[in-house]
Amino acid sequence: MTSVPSVLRTARPARSYETDHALLARVLLPYKENCAYVRSAEVTTESGRVAAHCEFAIPESCYIKDTGHLNSVEVNICYNQMMYYLVAKSVQERLLEPLSSWTLEDYWTRQLPDILIARFSSNFRRPVNPRSFSGEMEFTAVSPRRPAGGSPLLVAETAFRYRDGDGGRCDGEAVLAFVNLP
């Protein structure tokens, strides 16, 4: 993944946050039960990086017959769940300076309507087994913006990847827009 711009740098020492199951359950609450794919989520900070490492399982696709591999829709759903958890944990632990004024109540209010995926791309290198795989994502840049005549927002660049135990691999990038800031 890429180097971290100064906006993400913190004076915090390297730290790992094991899965907060209560937080994860709340993050996944908007999803139908058969679409909650994250099983565990560890958040780490090191050298200014803020990242999540998740374990996933998709026992059965929520929208299509079994393809036998992770597909682009599931990649996006898994990304959303991983990203929502990483943002919630970052707010809870004050890991990202641009979100340091947010409370968890701010996050819960804004989780679905105000955190938008502005751009999303994925690259499939080798088929990934959807029954058991891991994923990770990190913020590569977060910057405040104020479009001409528009309301302020945060733009976050992220990178992600998925792997399975048989060499399956998918990676990509997404740009988030945090709108209607508190």
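Every number in this text was worked out from the coordinates using simple rules, so none of it is lab data. On a predicted model such as this, the values are computed, not experimentally measured, just so you know. Counting neighbours? That spans all protein chains shown, and the Cβs are built from the backbone with ideal geometry, glycine included.
Tabulated results
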read-out: Amide H contacts under 5 Å for Ala141, placed H, 5+ residues apart; value: Glu157
read-out: DSSP-loop GluC sites (Glu not before Pro) across region 45-134, with at most 16 other Cβ within 10 angstrom; value: Glu60
read-out: Taking N as its residue count, the alpha carbon Rg of region 81-150 over 2.2 N^0.38 Å; value: 1.36
read-out: Rounded to whole Hz, the Karplus (6.51, -1.76, 1.60) HN-Hα couplings of region 123-130, x for glycine and proline; value: 10, 9, 8, 8, x, 9, 6, x
read-out: Fluctuation leader among Ser122, Ser101, Ser90 - the chain, Gaussian network, Cα springs under 10 angstrom; value: Ser101
read-out: Listed residues Tyr162, Tyr17, Tyr107, most fluctuating in the chain (Gaussian network, C-alpha, under 10 Å); value: Tyr17
read-out: J(HN,Hα) series, region 134-148, from Karplus relation 6.51 cos²θ - 1.76 cosθ + 1.60, nearest Hz, glycine and proline x; value: 10, x, 9, 8, 8, 7, 9, 6, 9, 9, x, 9, 9, x, 3
read-out: Directionally averaged projected area (convex hull, Cα atoms, region 56-182), nm²; value: 8.5 nm²
read-out: Net charge of Cβ neighbours under 12 Å - reference Cys35; Lys, Arg +1; Asp, Glu -1; value: -2
read-out: Residue with peak Gaussian network fluctuation, the chain [Cα springs, cutoff 10 Å], from Leu23, Leu86, Leu96; value: Leu23
read-out: Angle in degrees between helix 72-93 and the longest Cα principal axis of the chain, rounded to the nearest 10; value: 40 degrees
read-out: Region 21-63-region 76-116 distance, computed between alpha-carbon centres (Å); value: 13 Å
read-out: Helix-only mean residue ellipticity at 222 nm for the chain, each DSSP H run of n ≥ 4 adding -39500 (n - 2.57), per residue, nearest 500; value: -6500 deg cm²/dmol
